[in-house]
Amino acid sequence: MRFLFIIADLGPNGVTYSRLRYAGELARRGHEVTILALVDGETRPIPDGVEFEVLDRSTTRLSGVVQQIKSALRLRQWFKQASRLQPFDFVSSSLTPADRVVARAGLINVHHWIHIATSELIAGVSDLRKRRRRARLLSSIYHGKPVIGVSKGVIDDLAKLDAIPSSATLIHNGYDVEHIRKLAAEKPADLPSEPYYIHVGRFAAAKRHDVLFEALKGSGSTRRLLLLTDKPDEAMQLARQYALEDRVAALNFRDNPFSYMGRADALLLSSDFEGFPNVLVESLISGTPIISTDCPYGPAEILTDSYAQWLVPTGDAQALSDKIALFETLPYKVEPWLFQRFTLAGAMNQLEELARMPEKPSLGQFRPLL
């Protein structure tokens with residue numbers, strides 16, 4: 001079968017790594033797989049057997065209506081040529097910039113892969129008029145379209161837009177357990193010499209590094225905190241405001257973050273919201289416990305049953321601090337069933353099932369005024 005994953009670019013984020021992982025596994029299963037980046041950008045290793053193309057190498061951003069319309073026209077032309085001899089069996093787009101271009105291009109039966117709650121995308125706009133305009137835009141993209149949600153929460157959240165998808169499939173992010181465990185066993189040269197906690201994530205407002213630092217400072221813990229992030233200098237600047245510069249170390253993202261996760265005492269997540277936090281499952285697979293905010297969406301679908309006690313309210317540094325202190329008194333071990341629900345094989349089986357559906361992706365009407 002033929003699979004096409006449309007993304008904005010190969011930026012260093014969980015969605016990129018997920019699509020690369022899925023593409024590689026589908027190729028290993030004997031399928032024809034293409035990843036199409038709409039604009040040029042950073043490079044990542046492409047799995048064997050996967051074709052990678054860039055639609056427009058003249059820009060690195062999908063900003064502005066004019067650029068989106070140009071990208072949509074290029075996408076229509078590319079798609080028509082690529083499917084001329086044999087149609088694609090499954091096409092998906094990931095994240096709002098790519099979703100907007102796909103919707104403008106008029107591609108039909110394309111699964112929009114929802115990784116972030118749409119209500120959070122709207123809430124981030126302060127101007128009321130712009131917020132309403134974004135809500136109408138997102139509703140026009142997803143209403144009546146097939147969607148895939150990485151968590152039940154992000155699917156249910158579409159109802160706040162009055163957007164009813166034509167179909168909604170829950171596919172939790174899938175992970176290659178053996179591969180992650182193998183990488184977690186490696187020992188990088190720049191590991192902290194003392195016991196440490198770890199946080200893996202962009203330095204962005206939603207990640208709430210302020211809550212993280214305040215919680216660590218108030219917990220009474222003497223452990224260090226290792227950050228893997230995209231802006232280590234800015235993260236350290238904030239750490240200094242909490243007088244934690246001697247206990248926090250910040251490194252750029254690593255190609256193998258699991259080797260750092262696997263040697264941490266616990267992974268801490270302090271986010272206000274997530275679509276489905278990959279790092280939580282990856283940490284569990286690496287054998288490392290997690291303490292997390294119960295943010296929308298995903299953590300409560302990962303830490304279930306008795307493990308739900310390690311979830312704390314969002315924005316509550318004191319609650320997170322208390323859990324860190326409790327963990328140092330009563331640490332817990334990771335049971336395999338916690339992560340075995342999120343296997344790569346299970347996700348691939350679901351994608352193959354969607355690709356067998358009789359309605360194939362095709363070209364519809366161009367929508368420049370979307």
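Some points to look at:
- Some residue of the range 272-285 being assigned to a loop (DSSP other than H, G, I, E, B), over 23 Å from A300 (Cβ atoms) and either at pLDDT below 95 or in contact with a Gly (Cβ under 8 Å, 6 or more places away or on another chain) (or both): no
- Selection from the range 102-111 of residues that are under 21 Å from G64 (Cβ atoms) and touching a Lys or Arg at 6+ places or on another chain (Cβ under 9 Å): A103, R104, A105, G106, L107
- Failed item, numbered, when S221 is tested on (1) touching a residue at least 60 places away in the same chain (Cβ under 8 Å); (2) part of a strand (DSSP E or B): (2)
- Residue in the range 158-178 that is among the charged types (D, E, K, R), under 22 Å from T16 (Cβ atoms) and modelled with pLDDT of 90 or more present: yes
- Picking from residues in the range 169-202 that are part of a helix (DSSP H, G or I) and open to solvent by less than 90 Å² (accessible area, probe 1.4 Å), the one that is nearest to A355 (Cα to Cα) is V177.
Residues are listed down the side, and each one gets a yes or a no for (1) closer than 19 Å to T60 by Cα; (2) surrounded by 21 or more Cβ atoms within 10 Å (Cβ to Cβ):
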site	(1), (2)
S83	no, no
P87	no, no
F90	no, yes
S94	yes, yes
P97	yes, no
A103	no, yes
L107	no, yes
H111	no, yes
I122	no, no
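- A205 vs. criteria of a type in the set (A, V, I, L, M, F, W, C), open to solvent by 60 Å² or more (accessible area, probe 1.4 Å) and under 23 Å from the mean Cα position of the chain (by Cα): yes
- Subset of the range 245-271 [touching a residue at least 60 places away in the same chain (Cβ under 8 Å) and either open to solvent by 20 Å² or more (accessible area, probe 1.4 Å) or in a loop (DSSP other than H, G, I, E, B) (or both)]: L251, F253, R254, N256, F258, G262, R263, A264, D265, S270, S271
- Residue among G315, G287, G275 that alone is small (G, A, S), open to solvent by 30 Å² or more (accessible area, probe 1.4 Å) and within 24 Å of A206 (Cα to Cα): G315
- Pairs with Cβ under 6 Å, 6+ apart, first in the range 291-307 and of a type in the set (K, R), second assigned to a helix (DSSP H, G or I) and buried (at least 17 other Cβ atoms within 10 Å of the Cβ): none
- For the range 190-206, the candidate set comprises residues that are among the aliphatic types (A, V, I, L, M) and in contact with a strand residue (DSSP E or B) (Cβ under 6 Å, 6 or more places away or on another chain); within that set, the residue that is farthest from S219 (Cα to Cα) is V200.
- Flag for A72 being part of a strand (DSSP E or B), within 12 Å of A98 (Cβ to Cβ) and either modelled with pLDDT of 95 or more or open to solvent by 30 Å² or more (accessible area, probe 1.4 Å) (or both): no
- Single unsatisfied condition, F90 versus (1) more than 26 Å from L344 (Cβ to Cβ); (2) modelled with pLDDT of 95 or more; (3) of a type in the set (A, V, I, L, M, F, W, C): (1)
- Of all the listed residues (T293, T343, T329), the sole one being farther than 30 Å from G24 by Cβ and under 19 Å from the mean Cα position of the chain (by Cα) is T293.
- Counted residues, the range 1-57 - those being in contact with a His (Cβ under 8 Å, 6 or more places away or on another chain) and of a type in the set (F, W, Y): 1
- For the condition at pLDDT below 95 and under 29 Å from A325 (Cβ atoms), A205 qualifies.
- Every residue from the range 144-168 that is in a strand (DSSP E or B) and buried (at least 16 other Cβ atoms within 10 Å of the Cβ): P146, V147, I148, G149, A168
- Leading residue by the ranking (modelled with the highest pLDDT) among those in the range 125-143 that are open to solvent by 40 Å² or more (accessible area, probe 1.4 Å) and outside any helix (DSSP H, G or I): H143
- Comparison of L238, L227 shows that the only residue that is in contact (Cβ under 8 Å) with a residue 12 or more places away in the chain and open to solvent by 10 Å² or more (accessible area, probe 1.4 Å) is L238.
- Against the conditions (1) open to solvent by less than 40 Å² (accessible area, probe 1.4 Å); (2) not in a strand (DSSP E or B), I116 satisfies every one except (1).
- Restricting attention to the range 339-369 and to residues that are farther than 24 Å from P87 by Cβ and part of a loop (DSSP other than H, G, I, E, B), the residue that is least open to solvent (accessible area, probe 1.4 Å) turns out to be F342.
The values are calculated or read from the model by the stated rules, or taken from the named source; none is laboratory data. Predicted model, so just to flag it, every value in this text is computed and none were measured. Because the Cβ atoms are built from the backbone with ideal geometry, glycine has one as well, and the counts that use them run over all protein chains shown. All accessible areas refer to the heavy atoms of the entire protein, side chains included, with ligands and DNA or RNA removed. Shrake-Rupley method; radii C 1.70, N 1.55, O 1.52, S 1.80 Å.
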